[in-house]
1. I'm told Ser192 meets every condition in (1) outside any loop (DSSP other than H, G, I, E, B); (2) surrounded by 14 or more Cβ atoms within 10 Å (Cβ to Cβ); (3) free of Cβ contacts under 8 Å to residues at least 60 places away in the same chain; (4) under 38 Å from the mean Cα position of the chain (by Cα) except one. Can you identify the failing condition by its number?
2. If we only count helices (runs of 4 or more DSSP H) wholly inside region 205-283, which ones have 3 or more residues that are of a type in the set (A, V, I, L, M, F, W, C)?
3. Working only within region 121-165, note down all residues that are crowded, with 23+ Cβ neighbours inside 10 Å, farther than 14 Å from Cys19 by Cβ and out of contact with any Cys (no Cβ under 8 Å at 6 or more places or on another chain).
4. In region 148-161, is there at least one residue being touching a Ser or Thr at 6+ places or on another chain (Cβ under 8 Å), modelled with pLDDT of 90 or more and part of a helix (DSSP H, G or I)?
5. Exactly one of these conditions fails for Lys444: (1) over 26 Å from Arg617 (Cβ atoms); (2) at pLDDT below 75; (3) outside any helix (DSSP H, G or I). Give me its number.
6. Would you point out the residue of region 251-281, among those that are surrounded by fewer than 17 Cβ atoms within 10 Å (Cβ to Cβ) and under 23 Å from Phe344 (Cβ atoms), that is modelled with the highest pLDDT?
7. Restricting attention to region 388-407, does a residue exist that is in a helix (DSSP H, G or I), closer than 28 Å to Val78 by Cβ and of a type in the set (S, T, N, Q)?
8. Could you list, in sequence order, all residues of region 576-617 that are touching a residue at least 24 places away in the same chain (Cβ under 8 Å) and not in a helix (DSSP H, G or I)?
Amino acid sequence: MSESIAAPARIALVGNPNCGKTALFNALTGSRQKVGNYPGVTVERKEGSFVTPGGHRVQVLDLPGTYSLRARSPDEAVTRDAVLGRLAGETPPDLLVCVADATNLRLVLRLVLELKQVGRPVMLALNMFDIASHRGISIDTEMLSRELGVPVVTAIAVRRGGTADLLDRIDRIANGESLPTAAATWREPTRSEIAAAHREVERIIGVSVRPPARPDTWTARIDQILLHPVSGIAVLLAILFLMFQAVFTWAGPATDLIGGGFDALSALLAASLPEGMLRSLLTDGLISGIGSVLVFLPQIMILFFFIILLEDLGYMPRAAFLMDRIMGYAGLHGRAFIPLLSSFACAIPGIMAARVIDGRRDRLVTILIAPLMTCSARIPVYTLLISAFVPREQVGGIVNLQGLVMFGLYAAGIVSAFTVAFVLRRLFWRGEADHFIMELPSYKLPDPKNVLMGVLQRARLFLRRAGTIILSMMLLIWFLSSVPGAPVDATEPAINYSFAGMIGHAIQPLLAPIGFTWEIAVVLIVGVAAREVAVAGLGTVYAVAAGPETTGLLTDMLAAHWSLGTALAMLAWYVFAPQCVSTLAVTRRETNSWRWPVVQFTYMLTLAYIAAFITYRIAGAFGG
């Protein structure tokens with residue numbers, strides 16, 4: 001059966017992870033794209049548009065990477081449902097473009113065979129075709145097309161004009177070219193069927209791909225160093241160390257500029273508006289609250305710059321390989337690396353990604369420790385306290401002390417997660433954890449445009465979060481800190497008579513042993529909405545307490561009101577800080593029980609209190 005598509009108004013990009021699919025999406029759509037989440041799941045959704053040389057407008061959807069339609073994770077489930085037309089509110093794609101890494105076709109050809117059974121037109125786009133040719137790999141595209149029964153085009157996503165072959169084929173389809181389309185017969189394949197697909201892929205590769213006469217050994221030579229159990233771990237630690245040094249060293253000027261801008265705006269409004277609730281709302285509530293969070297946007301952008309750069313380079317799967325052995329010692333499943341790595345951005349997708357782990361006990365252990373990974377919401381808290389209490393100086397003339405402390409906090413989160421996993425497996429769930437097998441992609445130079453667009457997308461998501469959750473919490477904190485107000489004969493600061501003051505002073509005795517003030521008590525409560533709310537909350541509370549004539553950085557206010565012991569205890573608290581309500585809700589959904597969210601919240605709260613208590617007492621013993 002063949003089908004003619006008059007106007008392929010909607011195409012979907014499908015492919016294995018690390019195949020360059022997102023780079024191709026960026027090359028096609030440029031800035032004409034929007035990023036969000038699919039309804040009901042925390043899986044990133046990218047959609048954009050472009051106009052072909054023939055004048056046809058096309059909507060394109062960048063689906064999450066997958067090796068098969070047999071979904072084993074939330075990402076893969078979204079891809080499967082989108083391909084099959086099962087996503088509520090989503091228009092089924094008119095054309096499936098399967099994107100392949102031309103240097104490694106085995107896994108993607110198996111996916112193509114599955115996509116042919118969906119009943120929709122399929123096209124294979126051989127990305128990174130120039131790299132394959134440079135390595136001496138010869139691909140007979142006509143033979144490959146005949147054997148697969150689908151059109152095959154070449155693409156070089158990172159080169160100007162590298163999508164011309166793909167765009168020309170889309171124009172031909174839009175002008176009436178028929179595509180072979182099989183009847184919809186896809187279902188979950190059996191193990192015999194999977195083995196037969198592997199044999200068919202090997203046969204197709206045998207007749208359409210000629211390996212290089214002299215294989216490229218650069219990847220193997222580099223991997224001898226980067227995958228070595230000693231030198232590989234050393235390189236990984238050095239990369240992480242460099243990342244956290246850069247977070248402070250590179251971001252310093254931009255951070256100072258943003259902070260100074262908000263201070264100037266606050267001073268301008270304070271001088272322009274009469275004293276009263278409106279001025280307090282604008283200067284103490286909005287500017288002090290939101291400004292104290294946005295000042296850390298440069299650090300977050302630098303961190304994601306490194307993460308996206310390493311992903312494009314092909315290093316991230318190597319990091320997973322290196323960590324697999326270490327996780328095995330802690331009793332973690334080999335597949336746990338993927339959820340834990342995702343948790344560095346946010347624990348929610350990390351917990352959901354634990355679905356790739358087959359065993360229930362292994363999956364539960366991963367879900368319980370995922371929030372211990374240092375998510376991006378902790379960065380504003382860490383950078384605020386480090387900037388306020390750790391001197392901006394060099395250790396040995398080359399190492400930034402603030403970056404060194406940040407590196408230590410990330411390391412503490414990783415070590416604590418592995419320790420908790422070790423205890424859970426040894427005391428409650430005995431048994432050896434399985435390991436996983438993964439295919440390492442070839443190294444490739446990152447595409448600067450792809451890296452830049454990825455960083456800007458993360459920045460937009462952070463700003464959107466700051467404009468919703470954080471803004472609403474700041475208005476709540478400002479209201480609690482300003483109402484009902486002090487009596488005429490008041491002898492204490494006005495904020496002590498507010499609802500926030502009442503709540504904070506009521507809870508503070510419980511936190512006194514760890515050195516926390518009543519202001520901290522208030523922000524810990526509202527911080528349950530989102531961890532980074534604590535920074536904005538402190539900005540609002542101290543701005544209200546200081547009065548309208550007082551301006552200055554939040555770091556200076558904390559340095560004036562807190563002891564070093566309190567600051568260090570706060571850092572220790574946030575290494576283990578109980579997660580936000582959204583994380584608990586996802587844990588409830590993934591485990592189908594309230595038992596595990598309660599266990600998760602309780603053990604993290606206990607560890608946070610113990611760590612803060614020990615830190616505060618040790619700091620006090622040394623005069624802090």
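The values are calculated or read from the model by the stated rules, or taken from the named source; none is laboratory data. These numbers come from a predicted model, not from an experiment. Cβ sites come from the backbone with ideal geometry, for glycine too, and all protein chains shown count toward neighbours.
1. (2)
2. The qualifying helices (runs of 4 or more DSSP H) are 218-226, 231-249, 252-272.
3. Of everything in region 121-165, those that are crowded, with 23+ Cβ neighbours inside 10 Å, farther than 14 Å from Cys19 by Cβ and out of contact with any Cys (no Cβ under 8 Å at 6 or more places or on another chain) turn out to be Pro121, Val152.
4. No: zero hits.
5. The failed condition is (2).
6. Taking the candidates together, the pick is Ala254.
7. First, the residues of region 388-407 that are in a helix (DSSP H, G or I): 388-389, 401-407.
Pick out the ones that are also closer than 28 Å to Val78 by Cβ and you get none.
No, that holds for no residue.
8. If the condition is that a residue be touching a residue at least 24 places away in the same chain (Cβ under 8 Å) and not in a helix (DSSP H, G or I), then Ala577, Pro578, Gln579, Cys580 are the ones that fit.
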